[in-house]
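Enquirer: First, the structure itself, so that you have it in front of you.
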Amino acid sequence: MIAKELASSFVVLKTSDSGQAALSLMEELKISHLPIVNNEEFLGLISQTDIYNLNSPDEPIGNHILSVAKPFVYQDQNIFEVIRLMSEQKLTLLPVLDNNSKYIGAISISNLVYQFSKVSAVENPGGIITLELNQNDYSLSEIAQIIESNDAKVLSLFVSSFPDSTKLEITIKLNKMDLRSVLQTFYRYNYNVTASQTPEEYNDSLKERFDSLMNYLKI
């Protein structure tokens, strides 16, 4: 999935718009950032903090100093680059430019969460297995072989690393409801299984986390 497929039309600001108008739009859209665009040229991303820091909401936003260094992605960049940039800069909105550097839309954090849930097979039934292993021992082909030998398929897989550690955490979503045979095979191959969740446990946990995230986004 690429940025162009994630982007949607958002209200944009002009340098002549006031800080108060920008704050009202942010409140209405439940976001903390808005792009400044003049004639399809992306000029920057203004935040609520930028406006509050100026302490003069009636001033045009062209007079504000922007705290974020003009973040954007090009239309053909993938969803993982979008996630990285939004996470690093703590953005609620990320502008998308075409190959001629013209503004074509923006990606909101709420839409990113929704689209990523589709990519990661959240809605597909199945269990979750979490493994911990050394980086040198990680073999995707062996993990897949173990799972497929038990008549199961990998729906999604995520690899997490730890600071100052050679350990990896592998989180795997399977299409299988009963995880017992898969777990037994992992144990037989001396894998360190740190967690497993049945569909019911996973769905309850996922719903709780999703509801918490949606409540956060409405703040």
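Since every read-out is calculated from the coordinates, none of them should be taken as a lab result. All values derive from a computational prediction rather than experimental measurement. As a convention, Cβ positions derive from the backbone with ideal geometry for all residues, glycine included, and neighbour counts pool all protein chains shown.
Enquirer: Could you state the number of Å between the C-alpha centres of the range 82-96 and the range 140-168?
Expert: Cα centroid to Cα centroid, the span is 27 Å.
Enquirer: Here are some pairs, K4/K90; K30/K70; K30/K167; which of them have Cα atoms lying more than 28 Å apart in this structure?
Expert: Values: K4/K90 20 Å; K30/K70 21 Å; K30/K167 38 Å.
Beyond 28 Å between Cα atoms: K30/K167.
Enquirer: I need to check one value: relative contact order of the range 3-117, counting alpha carbon pairs closer than 8 Å and at least 6 residues apart, in percent.
Expert: Relative contact order, the range 3-117: 32 percent.
Enquirer: Please give me the summed charge of the neighbours of V96: other residues whose Cβ is under 11 Å from its Cβ, Lys and Arg +1, Asp and Glu -1.
Expert: That works out to -1.
Enquirer: Where the only charges are on Cβ atoms (+1 Lys, Arg; -1 Asp, Glu), what is the dipole of the range 3-117 about its Cα centre, to the nearest 20 debye?
Expert: Magnitude of the dipole: close to 220 debye.
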